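The block underneath contains the structure these notes are about, expressed in structure tokens.
Every number in this text was worked out from the coordinates using simple rules, so none of it is lab data. No experiment lies behind these values; they were computed from the predicted model shown. Here the Cβ positions follow ideal geometry from the backbone for every residue, glycine too, while neighbour counts run over all protein chains shown.
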Amino acid sequence: MFWKKSGMNEESKGRRRRFRMRHGKDDEQTVRGGGGRHHGCSLNSQPEGCRCRIRSVGGTTGVRQRLMDLGFVPDGKAVVVRSAPLNDPIQVRLGDDNVSIRRAEAALIEVDDDE
């Protein structure tokens with residue numbers, strides 16, 4: 001196995017996995033549920049001017065709480081206003097408020113098209 005060749009033991013492998021999950025680098029963290037369940041698109045993938053309804057907010061407890069404090073709550077409406085020239089961050093309108101968040105944080109927010 002890879003970690004045995006490179007000198008990585010079981011303890012450091014677990015440490016590395018915890019680090020990846022804590023810093024949002026693990027796919028299991030952003031995709032919840034699984035098993036054939038349909039997931040909406042993330043806010044990160046929405047084009048400018050798109051109106052959407054927030055379906056769920058993922059991430060670790062602290063990140064999720066911070067996003068919800070900013071106004072990203074389930075069943076809330078959001079409009080992607082624009083993105084920065086280098087594509088990070090994006091500006092989102094939540095009601096009368098404008099909020100700028102990083103793309104990594106926007107990827108944790110599942111949305112559906114608002115009709």
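Compute log10 of I(q)/I(0) for the stretch 38-115 with the Debye formula, placing one identical point scatterer on every Cα and leaving out solvent, at q = 0.14, 0.24 Å⁻¹, to two decimals.
Listed by q, the Debye log ratios stand at -0.37, -1.16.
When only Cα pairs under 8 Å and 6 or more residues apart are kept, what is the percent relative contact order across the stretch 39-115?
Numbers: 147 pairs, mean separation 33.4, N = 77.
Result for the stretch 39-115 is 43 percent.
Subtracting the Cα-Cα distance from 0.36 nm times the residue separation, let me have the gained length for R51 to A84 in nm, one decimal.
10.0 nm
If you place +1 on the Cβ of every Lys and Arg and -1 on the Cβ of every Asp and Glu, how big does the dipole about the Cα centre of the stretch 39-115 come out, in debye to the nearest 20? Write down the numbers at each step before the final one.
Working: 10 positive and 12 negative charges, 42 e Å.
It works out to roughly 200 debye.
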